[in-house]
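Scroll down for the structure; my scribbles are underneath it.
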Amino acid sequence: MKKEHVVLMLCTIVIAIPLVQSAFEGPNEVKEWFEELPVKKQKVTRLHFYLHDVFSGPTQSAYPVFTSNITSTSISNFGLGVIFDDLLTVEPDIGSMTIGRGQGLATSAAFEETRFLQVINFVFTQGKLNGSTLQVLGTNPLHNQVRELSIVGGTGFFRLARGTATLSNYTTSSSIRQYDILVLHYESKRCQNCYI
Ligand SMILES: *[C@@H]1O[C@H](CO)[C@@H](O)[C@H](O)[C@H]1NC(C)=O
Ligand SMILES: *[C@@H]1O[C@H](CO)[C@@H](O)[C@H](O)[C@H]1NC(C)=O
Ligand SMILES: *[C@@H]1O[C@H](CO)[C@@H](O)[C@H](O)[C@H]1NC(C)=O
């Protein structure tokens, strides 16, 4: 894919002109960043993407890893744990452009309903977000149409981020989850005029 093409597609996710730069900074750069914190402005970034929870076949990315001795008899599969390294794409089609991975662990942690303890690292791989991450933590009641998880932190472009992720099944039967993320973070020296 041509570079201009990638940039155009990314603009539909983040209203920004992404620059291809490394997100990795050493301890001195991080120290400088913290020294500048009092004069940094807060920004809100919105991200929208699809996560593919694939449990079988050649593209399997989610694997059950443990159970409790009551999982099979519990109405909520209590104690079931699933680890995943799911693709994040800009469109519902798994073959559409990938912007990163959703790597995490979901564990059935409620006796009375199917409600998962959910921990995810979103690891971004495109444009100005390449190498930056968001840390997600929350409780995910699978039967709810819309679920809300907390963004508890971030790295790189998203250093010291906080925010909210709302997710829903793309269709009722599918393993595709639609994510909408609103995240509050600080302006980046690397990308000061990224936002319109
Ligand atoms: C589950 O394991 C515990 C001990 O680790 C045991 O006391 C309990 O009876 C077991 N429950 C079932 C349903 O097998
Ligand atoms: C993302 O960064 C890695 C290493 O920092 C680099 O190898 C890769 O080419 C970059 N990807 C894009 C799409 O810029
Ligand atoms: C969403 O999908 C999961 C499994 O992929 C399912 O268990 C859950 O019931 C679905 N939720 C809704 C509201 O349809």
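The values are calculated or read from the model by the stated rules, or taken from the named source; none is laboratory data. Just so it is clear, the model here is predicted, and its values are computed rather than measured. As a convention, Cβ positions derive from the backbone with ideal geometry for all residues, glycine included, and neighbour counts pool all protein chains shown. For accessibility, only protein heavy atoms count, side chains too; no ligands or nucleic acids. Shrake-Rupley method; radii C 1.70, N 1.55, O 1.52, S 1.80 Å.
On average, how much accessible surface per residue is there in the range 3-186, in Å², for a 1.4 Å probe, leaving out ligands, DNA and RNA? All intermediate terms of the calculation are to be shown ahead of the outcome.
Values: 9610 Å² over 184 residues.
Value for the range 3-186: 52 Å² per residue.
Mind ranking 42-51, 114-123 by how tightly packed they are, going by the mean number of other C-beta atoms within 10 angstrom, highest first?
114-123, 42-51
Using a Förster distance of 22 angstrom, determine the FRET efficiency expected from the C-beta separation of residue 24 and residue 180, and round it to 0.05.
E(calc), rounded to 0.05, equals 0.20.
What distance in nm lies between label points placed 7 Å from Cα along the C-beta direction at residue 152 and residue 63?
Spacing of the two 7 Å Cα→Cβ label points: 2.5 nm.
For the charge dipole of the range 3-186, defined by +1 on Lys and Arg C-beta atoms and -1 on Asp and Glu C-beta atoms about the Cα centroid, which residue among 160, 50, 117 has the Cα displaced farthest towards the positive pole?
160
When the accessible area of the range 3-186 is computed with all protein chains present and a 1.4 Å probe, what percentage of it is carbon and sulfur?
Ligands and nucleic acids excluded, carbon and sulfur reach 59 percent.
Just need the relative contact order of the range 3-186 here, percent rounded to a whole number, with Cα pairs under 8 Å and 6+ apart.
Computed value for the range 3-186: 20 percent relative contact order.
What is the extension gain from residue 139 to residue 40, computed as 0.36 nm multiplied by their sequence separation minus the C-alpha to C-alpha distance, in nm to one decimal?
32.5 nm
Across the range 120-132, in residue order, what do the Karplus-derived ³J(HN,Hα) couplings come to in whole Hz, using 6.51 cos²θ - 1.76 cosθ + 1.60 with θ = phi - 60° and x for Gly and Pro?
3J(HN,Hα) across the range 120-132, in whole Hz: 9, 9, 8, 10, 8, 10, 10, x, 6, 8, 3, x, 8.
Cα centroid distance between the range 44-95 and the range 137-174, in Å?
Centre-to-centre distance over Cα atoms comes out at 13 Å.
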